[in-house]
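Written below as structure tokens is the structure these notes are about.
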Amino acid sequence: MKHKYTTTFSSILKPLVSEEKDKYLALASLVEVGNFIPNVDTEKNIDLLPVAFNAAVVNRVNKNGDVIDAETAVAMYENFINKPINLEHNRERIFGVILTAGFSEFGTDAPLTAEHVKNLKNPFNITLGGVLWKVANPSLAEAIEDSSDASSDNYQKISASWELGFSEYNLVVVEGESKNIEDGIEISEQEEVDSMKSKLRAFGGSGKVDEDKFVYRKVIGNVIPLGIGLTETPAADVKGVATNAVLATEEPEIVQEENVASEENISNFEKTNVNNSKDQKSMKITSINDITDENLKEISASQISELIEQELKNASEKFAAEKGAVDSALKATEEKYETLLESQTSLKEEMESLKQALQASQEEIHKAAAAEAFNARMSGFESEFELDDKMRKVIASDIAGLDEEAFSAYKEKISAFLQVKKEEVAEAKTEEVVASAEEVVEEVTEKAEKEVVDVPMTSTASEETIYEKYKTAFNYDGFVVS
């Protein structure tokens with residue numbers, strides 16, 4: 001299975017040395033991590049150098065800003081067995097093999113079981129054991145033994161750095177200087193992980209969320225150990241490789257082809273070549289500037305080759321990291337653009353919906369106002385003029401939808417017409433009343449003439465007759481026609 005990412009965790013070698021070298025160093029080393037030394041008969045296999053070392057600290061962030069928890073450690077630690085030990089993570093320079101794997105207490109190296117550590121939140125070690133092939137590089141094997149001597153300049157300089165392959169990770173944000181993930185907050189939501197991953201040191205970021213908060217990458221999922229590299233630049237807070245050196249009285253004879261150099265440039269160690277020549281110097285070549293006219297003849301071709309190889313590797317890793325950072329930034333920008341575009345589209349739809357709702361509301365208000373104005377206008381006509389159904393229907397049709405100016409003009413014109421009609425109606429009514437009154441007078445008069453009126457002898461005859469009295473009573477001038 002191909003993994004998207006790799007990371008390394010390292011430890012300082014604390015070798016177990018032979019009693020011939022220093023019996024006190026041998027005893028101290030055995031107490032530390034000797035329980036993880038593979039059970040190898042070194043008397044019969046004098047070409048093997050058994051070793052043990054703390055490979056990484058679980059639940060504690062390494063120098064690369066990466067970390068694994070107890071669950072992942074327990075799930076994958078046995079997969080270290082049978083994986084190669086190489087130099088500086090160069091898979092073409094295999095130097096040994098891992099044979100045992102277990103756990104130990106952080107700080108004391110006391111052995112721990114998988115059952116004991118599976119639920120631990122505080123730091124503990126993954127401890128490995130294996131063998132180095134002394135014939136592959138006898139000078140390096142001697143240097144590893146020398147690194148356990150506290151009085152040596154090379155004390156604890158050699159490290160065991162292990163490499164992992166993985167495709168999934170969460171983030172852990174820790175406030176302050178603590179490196180223990182139990183002091184932080186884990187972030188597993190993918191959207192939030194993607195938004196913050198550009199801050200990770202693995203992707204070229206600063207490793208910080210803000211001034212006092214640090215962000216780390218927690219490796220999860222299907223994690224595969226890819227092997228161990230011996231180095232001088234560890235990435236974790238672990239120290240110690242123990243070596244169970246050969247206790248035989250004679251060292252194995254190493255057969256080497258003539259004129260073939262085998263100096264190993266592991267970090268900055270100065271070592272003798274394989275044939276242990278005391279006359280030839282071992283040069284420290286860490287950059288192109290170390291090569292001068294004076295020392296050019298003393299530098300082996302393998303040293304220059306290794307320097308070029310390391311420089312190319314460094315350049316490749318730097319390019320990959322920068323490219324990863326650029327790709328991450330580009331992807332983050334694209335995601336932000338997509339989010340803004342979606343937000344803009346949603347906002348447009350909402351604005352259009354609000355616009356339509358406002359327009360509908362304005363139309364309803366306009367209709368209500370128009371209906372109110374129409375009713376008021378019709379009421380005005382009804383109160384001022386006497387309209388029949390036909391006239392009412394005509395006026396209603398004419399004034400529907402007119403604005404104030406058009407209605408004023410229409411009202412002025414129709415009012416003149418209606419006023420004439422009003423007067424004609426009034427005159428017609430007056431004539432009807434007069435005619436009716438005259439009919440009443442005539443009827444009363446006729447009736448009066450037919451009646452016989454006995455006037456007492458003592459009474460004085462009225463100057464007006466009955467006819468004249470009724471005529472006077474029903475005179476036209478006595479009526480008021482409205």
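The values are calculated or read from the model by the stated rules, or taken from the named source; none is laboratory data. Since this is a predicted model, take the numbers as computed values, not measurements. Using ideal geometry, Cβ is built from the backbone for each residue, glycine included, and neighbour counts are taken over all protein chains shown.
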(request) Working carefully through the options 70, 110, find the one that is surrounded by fewer than 22 Cβ atoms within 10 Å (Cβ to Cβ), modelled with pLDDT of 90 or more and either over 30 Å from residue 312 (Cβ atoms) or not aliphatic (A, V, I, L, M) (or both). (result) 70
(message) When you scan the range 403-417, do you find a residue that is surrounded by 10 or more Cβ atoms within 10 Å (Cβ to Cβ) and not in a helix (DSSP H, G or I), even just one?
(response) no
(message) I need a count of the residues in the range 177-201 that are among the small types (Gly, Ala, Ser) and part of a loop (DSSP other than H, G, I, E, B).
(response) 2
(request) Could you check, for the range 304-322, whether at least one of its residues is modelled with pLDDT of 90 or more, surrounded by 10 or more Cβ atoms within 10 Å (Cβ to Cβ) and part of a helix (DSSP H, G or I)? (result) no
(message) Can you pull out every residue in the range 202-226 that is in a loop (DSSP other than H, G, I, E, B) and either more than 17 Å from residue 326 (Cβ to Cβ) or among the acidic types (Asp, Glu) (or both)?
(response) 207, 211, 212, 221, 222, 223
(request) Go through 357, 426 for me and flag whichever is assigned to a helix (DSSP H, G or I), surrounded by 10 or more Cβ atoms within 10 Å (Cβ to Cβ) and modelled with pLDDT of 85 or more. (result) 357
(request) Only residues that are out of contact with any Pro (no Cβ under 8 Å at 6 or more places or on another chain), within 18 Å of residue 61 (Cα to Cα) and of a type outside the set (Ser, Thr, Tyr): list them for the range 180-198, please. (result) 181, 182, 183, 184, 185, 186, 187, 193, 196, 197
(message) Looking only at the range 168-208, how many residues end up being among the hydrophobic types (A, V, I, L, M, F, W, C) and more than 20 Å from residue 7 (Cβ to Cβ)?
(response) 1
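Okay, residues lined up against (1) modelled with pLDDT under 85; (2) closer than 30 Å to residue 172 by Cα; (3) in the same structural domain as residue 163 (by TED's automatic domain parsing); (4) among the polar types (S, T, N, Q):
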{"site": "10", "(1), (2), (3), (4)": "yes, yes, yes, yes"}
{"site": "15", "(1), (2), (3), (4)": "yes, no, yes, no"}
{"site": "19", "(1), (2), (3), (4)": "yes, no, yes, no"}
{"site": "24", "(1), (2), (3), (4)": "yes, no, yes, no"}
{"site": "47", "(1), (2), (3), (4)": "no, no, yes, no"}
{"site": "55", "(1), (2), (3), (4)": "yes, yes, yes, no"}
{"site": "88", "(1), (2), (3), (4)": "yes, yes, yes, no"}
{"site": "98", "(1), (2), (3), (4)": "no, no, yes, no"}
{"site": "105", "(1), (2), (3), (4)": "no, yes, yes, no"}
(message) Of everything in the range 153-180, what is buried (at least 21 other Cβ atoms within 10 Å of the Cβ) and among the polar types (S, T, N, Q)? Give them in sequence order.
(response) 159, 161
